[in-house]
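Asks: One structure follows; several queries about it will come next.
The values are calculated or read from the model by the stated rules, or taken from the named source; none is laboratory data. This is a predicted model, so every value here is computed, not measured. In this analysis, Cβ positions are derived from the backbone assuming ideal geometry, glycine residues included, and neighbour counts consider all displayed protein chains.
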């Protein structure tokens with residue numbers, strides 16, 4: 001296999017000149033550059049990219065951990081990350097974990113082995129102690145509130161946004177309010193539950209465990225929510241739904257069940273996905289593409305101190321409340 005020394009001999013130049021041509025160095029005469037390029041063509045020389053990256057101390061790869069690649073929420077985050085990666089000549093290595101801890105550990109192990117330059121975890125399953133054990137090996141950035149920790153993050157304050165949405169429903173006359181959530185673990189989920197508990201206490205509303213619907217991730221989960229509500233003697237009159245996709249499923253199922261939205265059940269979704277606009281669902285807009293962009297830039301930052309970027313949300317009023 002041809003190496004740099006072989007190219008230098010064929011072109012009649014020094015190894016340094018060959019290296020400069022391969023790395024597109026500007027200070028090479030046109031004659032010597034042409035000679036090297038002809039030698040490359042004749043020998044079918046292929047540059048060892050791994051060796052180049054090793055010499056530069058970078059792989060130009062960023063790891064991105066998501067539980068589900070096909071979920072709209074994470075797809076929009078990936079879009080923001082990918083757009084910024086393209087601008088910076090980086091490629092992405094995607095890890096779909098399905099919330100399996102061993103798969104998340106595989107991603108962090110790649111960071112330890114210098115196979116990627118940084119790791120963005122969009123939704124975490126590993127414990128804090130596990131994440132912190134891998135911090136010496138490279139940047140790890142999270143999409144959750146990490147204030148008080150030594151891990152950088154771009155995040156939405158889900159406690160604050162939940163309180164805001166609950167108060168909005170309260171001003172609309174609702175006193176029996178519940179919520180739909182993807183999973184009951186995780187920092188964001190715990191903050192939302194804390195907000196709901198505090199809201200009930202502050203406004204002297206009874207806490208109804210049946211008003212909390214878990215494992216609501218996809219459109220079809222909306223049917224399950226409607227079926228459960230129909231079985232209740234005293235159902236909620238309003239729901240916060242942490243995914244517009246699930247909210248759209250609730251609206252669609254309600255239409256087939258002679259169940260009126262918002263007369264029988266008011267809804268506030270989250271994320272302001274296109275389906276929320278199409279179906280006139282009131283929602284909390286979370287700029288996921290912009291969050292993804294900022295997560296990527298934090299991964300590239302040379303700053304040793306952790307940074308925390310809170311992203312504001314906006315209420316989009318439509319016809320489901």
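Asks: What is the one condition in (1) out of contact with any helix residue (DSSP H, G or I) (no Cβ under 7 Å at 6 or more places or on another chain); (2) in a loop (DSSP other than H, G, I, E, B); (3) surrounded by fewer than 16 Cβ atoms within 10 Å (Cβ to Cβ) that residue 174 does not satisfy?
Replies: (3)
Asks: Being outside any loop (DSSP other than H, G, I, E, B) and in the same structural domain as residue 146 (by TED's automatic domain parsing) narrows it down to one residue among 102, 123; which is it?
Replies: Numbers: 123 fails: outside any loop (DSSP other than H, G, I, E, B).
Exactly one residue qualifies, and that residue is 102.
So that you can scan it fast, the table gives a plain yes or no per residue for (1) surrounded by 17 or more Cβ atoms within 10 Å (Cβ to Cβ); (2) modelled with pLDDT of 80 or more; (3) more than 30 Å from residue 107 (Cβ to Cβ):
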{"position": "2", "(1), (2), (3)": "no, no, yes"}
{"position": "10", "(1), (2), (3)": "yes, yes, yes"}
{"position": "15", "(1), (2), (3)": "no, yes, yes"}
{"position": "27", "(1), (2), (3)": "no, yes, yes"}
{"position": "32", "(1), (2), (3)": "yes, yes, yes"}
{"position": "42", "(1), (2), (3)": "no, yes, yes"}
{"position": "59", "(1), (2), (3)": "yes, yes, no"}
{"position": "64", "(1), (2), (3)": "yes, yes, no"}
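Asks: Can I ask one more? For the range 226-275, what are the residues that are under 30 Å from the mean Cα position of the chain (by Cα), over 19 Å from residue 166 (Cα atoms) and not in a loop (DSSP other than H, G, I, E, B)?
Replies: 226, 245, 248, 249, 251, 252, 253, 274, 275
Asks: Moving to a separate point now. When you look at residue 143, is it under 26 Å from residue 161 (Cα atoms), touching a residue at least 12 places away in the same chain (Cβ under 8 Å), surrounded by 22 or more Cβ atoms within 10 Å (Cβ to Cβ) and in contact with a helix residue (DSSP H, G or I) (Cβ under 8 Å, 6 or more places away or on another chain), yes or no?
Replies: Details: under 26 Å from residue 161 (Cα atoms): yes; touching a residue at least 12 places away in the same chain (Cβ under 8 Å): yes; surrounded by 22 or more Cβ atoms within 10 Å (Cβ to Cβ): yes; in contact with a helix residue (DSSP H, G or I) (Cβ under 8 Å, 6 or more places away or on another chain): yes.
Yes, satisfied.
Asks: Okay, next question. Starting from residues that are surrounded by 15 or more Cβ atoms within 10 Å (Cβ to Cβ) and part of a loop (DSSP other than H, G, I, E, B), keep the ones in the range 127-140 and report whichever is nearest to the chain's Cα centre (by Cα). Spell out the reasoning first.
Replies: Within the range 127-140, the subset surrounded by 15 or more Cβ atoms within 10 Å (Cβ to Cβ) is 131, 134-135, 137-140.
From the residues that got through so far, the ones that are part of a loop (DSSP other than H, G, I, E, B) too are 138-139.
On the way: 138: 19, 139: 16 Å.
Of everything passing the filter in the range 127-140, 139 is nearest to the chain's Cα centre (by Cα).
Asks: Does residue 262 satisfy being in contact (Cβ under 8 Å) with a residue 40 or more places away in the chain and closer than 21 Å to residue 206 by Cα? Walk me through it before giving the result.
Replies: Values: in contact (Cβ under 8 Å) with a residue 40 or more places away in the chain: yes; closer than 21 Å to residue 206 by Cα: no.
Answer is no for this residue.
Asks: If you don't mind, another one. Within the range 272-317, how many residues are touching a strand residue (DSSP E or B) at 6+ places or on another chain (Cβ under 7 Å) and within 30 Å of residue 262 (Cα to Cα)?
Replies: Qualifying residue count, the range 272-317: 13.
Asks: Taking the range 70-99 as the search range and keeping residues that are surrounded by 14 or more Cβ atoms within 10 Å (Cβ to Cβ) and assigned to a loop (DSSP other than H, G, I, E, B), which one is farthest from the chain's Cα centre (by Cα)?
Replies: That would be 90.
Asks: Could you tell me whether residue 314 is modelled with pLDDT of 95 or more, in contact with a helix residue (DSSP H, G or I) (Cβ under 8 Å, 6 or more places away or on another chain) and either surrounded by fewer than 19 Cβ atoms within 10 Å (Cβ to Cβ) or not assigned by TED's automatic domain parsing to the domain that holds residue 184 (or both)?
Replies: Values: modelled with pLDDT of 95 or more: yes; in contact with a helix residue (DSSP H, G or I) (Cβ under 8 Å, 6 or more places away or on another chain): no; either surrounded by fewer than 19 Cβ atoms within 10 Å (Cβ to Cβ) or not assigned by TED's automatic domain parsing to the domain that holds residue 184 (or both): yes.
When the stated conditions are applied, residue 314 does not pass them.
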